[in-house]
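Reviewing the structure listed below.
We did not get these values from a lab; they are worked out from the coordinates using the rules stated. No experiment lies behind these values; they were computed from the predicted model shown. Heads up, the Cβs are rebuilt from the backbone with ideal geometry, glycines too, and the neighbour counts pull from every protein chain shown.
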Amino acid sequence: MRARQPSDYISVRQANFCQAEEYLALCAGNRQDGAVVSFVGLVRDFNQHNQVQTLTLEHYPAMTEKSLKAIVTEARDRWPVSRVRLVHRVGTLNTGEQIVFVGVSSCHRHHAFLACEFIMDQLKTRAPFWKKEQGDTGEHWVQANPQDQQKAQQWHRQ
Amino acid sequence: MRARQPSDYISVRQANFCQAEEYLALCAGNRQDGAVVSFVGLVRDFNQHNQVQTLTLEHYPAMTEKSLKAIVTEARDRWPVSRVRLVHRVGTLNTGEQIVFVGVSSCHRHHAFLACEFIMDQLKTRAPFWKKEQGDTGEHWVQANPQDQQKAQQWHRQ
Amino acid sequence: MITVLFFAQLREQLGHDKLTLHSAFYDIGALRHYLMAQHKEWQAYLAPDNSLAAVNQCLVNDHHPLHSGDEVAFFPPVTGG
Amino acid sequence: MITVLFFAQLREQLGHDKLTLHSAFYDIGALRHYLMAQHKEWQAYLAPDNSLAAVNQCLVNDHHPLHSGDEVAFFPPVTGG
């Protein structure tokens, strides 16, 4: 496996992130990349069970960064991308709040799109985060979506 | 074809755009979408012929917005996306400057990724913009990339 | 009457950005061949492989019919984005 | 010695977040069956279909060997992002 690039930034934290700052960090002083793709995941107001008021994200601290680094390294092994930034929040969030940022820069837009979506799909099935919703009908652990599992596996058939 | 949604924003202009403002416009007051995907295309310092100093974008004004609207409408016909924002600049730009923004919000991240990349791929082959590079070896019109043509056509085989 | 516009590299190659024609043409292919017959030095540039056509600001192929008042444009493959 | 951690819904279902075991186990499957045999009420929750396993913070399957000093974690399918 290729070594993790110094241009990777991975952060797991309670504090919010600024999408604009993350985007600027992908572009600043970067004259060789023509493409920047970014994804932000937000807390929706309605999910599996009920009207959601807040969402609490638990994680397995010792494993979280390790698994995210492995996912980013795997993306780099597949596509020639330049800069990668990944921020995932934990703790209690309100509806509309940002949960996760994935940003990728590359010379070629298709590689940036692929790497960004790959990282999200793998994160959804391999990174140790769990969501608990607090809403109208009480507290519920979010159940894993079988489609997420299928989507993550499709990358290994390509 | 479905009518163009009031939540579409399409702009062709010389002035720069603020990626952060575009992102905020996709999120502001939006509680139902869990996914926002955005793409930015930038002026690279090296392209087909030479070291690039500036890039001049010519367009066919009467046709440009019409073609972009048609592309966004086609994306909406294919995937249930919520908000779409598309900004394309014309005129003379320096290396590192932003050329194009495409942002899409949706309930489902895969639809947001697909629609965003589809819009870019179609724009690359159907929207009347032409690039001329000014660099070390003089002025050159950028020649269309056959891969862009293939990539745009792949969507119609799906 | 038909207005014909040329853009980008094609405009520079032909040395024209606009023509106004008073003849009638059955379709884009007929107009293209008329222009190529009138100006031998345009033939390479205007060949269908090297230039796209739009009628009233929509991309069309050479079989697209033409009517009086149409705005036709010829231009090289696009390179925006 | 093996440390066993439980997370999220599984932690709530079992009522434990951590166990320390002094026995030796051949692999994750053996450890899983030991825990299910010791605590009948855990069987449904700990079944391989309902819980993933990690050894030293890497996802593994039930054939992954165990060694003294390993940190094992069981948890439900993940739901981040």
Next item on the list: Look at the axis of the rotation that sends chain D onto chain C, then give the chain D residue with the nearest Cβ and the distance in whole Å.
Entry: D:81, 14
Check: Counting every Cα pair in the stretch C:2-81, what percent are over 22 Å apart?
Finding: 13 percent
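Calculate, for residue D:40 and residue C:61, the FRET efficiency according to 1/(1 + (r/R0)^6) with r their C-beta to C-beta distance and R0 51 Å; round to the nearest 0.05. Don't skip to the answer; put the middle values down first.
Details: r = 73 Å, r/R0 = 1.43.
Efficiency at R0 = 51 Å is approximately 0.10.
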Check: Ranking A:155, A:130 by Cβ neighbours within 10 Å, fewest first, what do you get?
Finding: A:155, A:130
Notebook entry, point to check: Taking a label point 7 Å from Cα toward Cβ, how far is residue B:62 from its twins in the other copies, in nm, shortest first?
Noted result: 7.1
Next item on the list: State the residue of chain A whose Cβ is nearest the axis carrying A onto B, and the distance in whole angstrom.
Entry: A:20, 2
Item checked: the protein assembly as shown: proportion of alpha-carbon pairs further apart than 31 angstrom, % -> 52 percent
Notebook entry, point to check: Treating the beta-carbon of each Lys and Arg as +1 and of each Asp and Glu as -1, no other charges, what is the dipole magnitude of the protein assembly as shown about its Cα centre, to the nearest 20 debye?
Noted result: 100 debye
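So for the stretch B:7-158, averaging the separation of alpha carbon pairs under 8 Å that are six or more residues apart and normalising by length, what relative contact order in percent results?
Numbers: 278 pairs, mean separation 50.6, N = 152.
About 33 percent, as a whole number.
Would you kindly calculate the translational diffusion coefficient of the stretch A:46-158, applying Stokes-Einstein with the Kirkwood radius from alpha carbon pairs, for 37 °C and a viscosity of 0.692 mPa s, and quote it in µm² s⁻¹ without decimals? Numbers along the way, then the final one.
Numbers: Rh = 15.2 Å.
D = 215 µm²/s.
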Note to self: So if the hydrodynamic radius of the stretch B:72-136 is defined as the Kirkwood radius over C-alpha pairs, what does Stokes-Einstein give as its diffusion coefficient at 37 °C and 0.692 mPa s, in µm² per second?
What the structure shows: 248 µm²/s
Check: How many nanometers, to one decimal and shortest first, lie between the label point of residue A:157 and those of its other copies, if labels sit 7 Å from Cα toward Cβ?
Finding: 1.8
Item checked: Computed over chain D: relative contact order in percent, which uses C-alpha pairs under 8 Å that are six or more apart -> 41 percent
Notebook entry, point to check: Tally Lys and Arg at +1 and Asp and Glu at -1 over the other residues with C-beta under 15 Å from the C-beta of residue C:4: what net charge comes out?
Noted result: -2
Margin query: Restricting to DSSP loop positions (anything but H, G, I, E, B) with no more than 12 other Cβ atoms inside 10 Å of their own Cβ, which chymotrypsin sites (Phe, Trp or Tyr not before Pro) remain in the stretch C:1-80?
Written below: C:26
Item checked: Magnitude of the charge dipole, the stretch B:1-107, Cβ model with Lys/Arg +1 and Asp/Glu -1, debye to 20 -> 340 debye
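Taking the Cβ-Cβ separation of residue D:71 and residue C:3 as r and a Förster radius of 51 Å, what is the calculated FRET efficiency to the nearest 0.05?
0.10
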Note to self: Compute the distance from the alpha-carbon center of the stretch B:72-92 to that of the stretch A:96-112, in whole Å.
What the structure shows: 18 Å
Next item on the list: Under a 10 Å cutoff between Cα atoms, tell me which one of A:42, A:93, A:24 has the largest fluctuation in the Gaussian network model of chain A.
Entry: A:24
Check: What gaps in nm, shortest first, separate residue D:18 from its twins in the other copies when you place the label 7 Å past Cα toward the beta carbon?
Finding: 7.9
